[in-house]
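Asks: This is the structure, below, for whatever I ask next.
The values are calculated or read from the model by the stated rules, or taken from the named source; none is laboratory data. Since we're looking at a predicted model, the values are computed, not measured. Cβ sites come from the backbone with ideal geometry, for glycine too, and all protein chains shown count toward neighbours.
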Amino acid sequence: MKIEERGRMMNSYKSINSEQAKKLIKENKELLIIDVRRFSEYKTGKIHNAINIPVEELEWEIEDLKEHQDDPILVYCKAGHKSALACEMLSEEGFSNLYNLGQGILGFDGELE
């Protein structure tokens with residue numbers, strides 16, 4: 001399935017705002033945070049403990065993420081669009097506890113590193 005087609009599918013994740021994301025980060029020790037921006041963007045600032053898997057490379061990394069299939073996963077990008085596509089991709093592979101930072105890192109008012 002093409003990336004463009006994934007965006008038209010029904011949502012299988014929860015889109016959250018900055019306040020909800022900060023609460024999720026604070027309350028979930030098992031939370032996996034995935035930044036799906038390009039590495040050059042990731043280097044400019046990221047949410048604490050986020051790993052970088054550019055959305056264009058995600059399908060090749062899914063097998064390595066399977067150990068986190070039932071863990072809560074927060075996915076973000078610059079503005080929330082690519083991370084929504086990434087959530088759809090993960091959902092198709094059986095990941096079920098997905099959160100998209102709806103306004104992306106641009107709308108996140110928490111601490112960055």
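Asks: Given the structure, is PRO54 within 12 Å of LYS14 (Cα to Cα) and either touching a Pro at 6+ places or on another chain (Cβ under 8 Å) or surrounded by fewer than 21 Cβ atoms within 10 Å (Cβ to Cβ) (or both)?
Replies: The answer is no for PRO54.
Asks: Go through region 61-113 and report how many residues are acidic (Asp, Glu), touching a residue at least 60 places away in the same chain (Cβ under 8 Å) and surrounded by fewer than 16 Cβ atoms within 10 Å (Cβ to Cβ).
Replies: 4
Asks: Here's something else I'd like to know. For residues in region 7-27 being under 17 Å from SER96 (Cβ atoms) and modelled with pLDDT under 95, which is surrounded by the fewest Cβ atoms within 10 Å (Cβ to Cβ)?
Replies: Applying the filter and picking the extreme gives MET10.
Asks: Let me ask something else about it. Looking at this structure, is GLU41 at pLDDT below 95 and either of a type in the set (Asp, Glu) or in contact with a Gly (Cβ under 9 Å, 6 or more places away or on another chain) (or both)?
Replies: Judged against the criteria, GLU41 is not a match.
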